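Since the structure comes first, as structure tokens, the remarks are kept for the end.
The values are calculated or read from the model by the stated rules, or taken from the named source; none is laboratory data. These figures come from a predicted structure and were not determined experimentally. Here Cβ is always computed from backbone atoms with ideal geometry, including for glycine, and neighbour counts include all displayed protein chains. Keep in mind that these areas ignore ligands, DNA and RNA; they rest on the heavy atoms of the full protein, side chains included. Shrake-Rupley method; radii C 1.70, N 1.55, O 1.52, S 1.80 Å.
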Amino acid sequence: MIAEAFFDSNTWILARNLAGFLVVVFWLTTAFWVFKDARRRIEDPWLVGMAAVLGLVPPFIGPIVYLFLRPPDSIQERRDRELDNRALEERLAEHDLRCPVCRGQVDSSYLVCPVCTTRLKQACSSCAAPLEAIWQACPYCAEPVLPSAALGEEPLQPLRARRSS
């Protein structure tokens with residue numbers, strides 16, 4: 001009788017309704033979190049909408065499924081990482097030109113290494129511009145490039161013997 005009286009009381013009805021309200025609020029909050037997180041991680045609006053539906057439809061299980069299937073990083077993190085990689089590649093390409101023999105720092109326009117006098121590039125016979133080894137013609141004057149073997153030059157060899165001090 002006491003149990004029946006408790007379950008018929010206003011206190012029980014209030015506690016039951018409050019618990020139901022909190023469950024619904026928690027369910028909608030987790031669905032909103034899935035939507036917000038999907039917008040940060042997924043670029044396609046269709047997939048964001050599907051993730052939001054997944055967060056709503058199977059209550060409390062959808063957000064757990066989303067946690068397993070979501071991309072590991074956000075769109076901003078991917079863009080930042082891409083920019084960092086691009087900046088690092090540019091820095092390495094520009095500032096890390098070194099002589100293959102003495103490892104001295106050289107510029108891309110050098111014909112010889114200023115430290116060990118190793119020939120780095122061939123000069124154009126017409127305009128004297130530095131040429132890359134694989135070029136078939138000078139891009140500055142359109143002169144055909146002769147192979148270095150025809151000129152009698154050995155690549156990566158000093159032009160003259162170093163003086164001993």
Could you tell me how many of the residues in the range 80-98 are closer than 19 Å to Ala133 by Cβ, of a type outside the set (A, V, I, L, M, F, W, C) and outside any loop (DSSP other than H, G, I, E, B)?
1
Of Glu90, Glu4, Glu82, the only residue that is out of contact with any Lys or Arg (no Cβ under 6 Å at 6 or more places or on another chain), open to solvent by 80 Å² or more (accessible area, probe 1.4 Å) and under 30 Å from Arg119 (Cα atoms) is Glu90
Any chance Val101 is more than 30 Å from Arg39 (Cα to Cα), in contact (Cβ under 8 Å) with a residue 40 or more places away in the chain and outside any strand (DSSP E or B)
yes
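For the range 8-41, give me the residue count where each residue is over 50 Å from the mean Cα position of the chain (by Cα) and either open to solvent by less than 80 Å² (accessible area, probe 1.4 Å) or of a type in the set (Phe, Trp, Tyr) (or both).
Taking the range 8-41 first, the residues over 50 Å from the mean Cα position of the chain (by Cα) are 8-17.
Those still in the list that are either open to solvent by less than 80 Å² (accessible area, probe 1.4 Å) or of a type in the set (Phe, Trp, Tyr) (or both) too: 9, 12-13, 15.
Count: 4.
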All but one of (1) modelled with pLDDT under 95; (2) closer than 21 Å to Pro72 by Cα; (3) not aliphatic (A, V, I, L, M) hold for Arg16, so report the exception by its number.
(2)
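Return the only residue of Gly49, Gly55 being under 30 Å from Val23 (Cα atoms), touching a residue at least 24 places away in the same chain (Cβ under 8 Å) and either under 21 Å from the mean Cα position of the chain (by Cα) or open to solvent by less than 50 Å² (accessible area, probe 1.4 Å) (or both). Steps first, please.
Numbers: Gly49 fails: touching a residue at least 24 places away in the same chain (Cβ under 8 Å).
Testing whether each residue is under 30 Å from Val23 (Cα atoms), touching a residue at least 24 places away in the same chain (Cβ under 8 Å) and either under 21 Å from the mean Cα position of the chain (by Cα) or open to solvent by less than 50 Å² (accessible area, probe 1.4 Å) (or both) leaves just Gly55.
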Is there any pair linking a residue in the range 111-125 that is at negative phi to one that is open to solvent by less than 40 Å² (accessible area, probe 1.4 Å) and among the basic types (Lys, Arg), with Cβ under 8 Å and at least six apart or on different chains, and which?
Leu111/Lys121
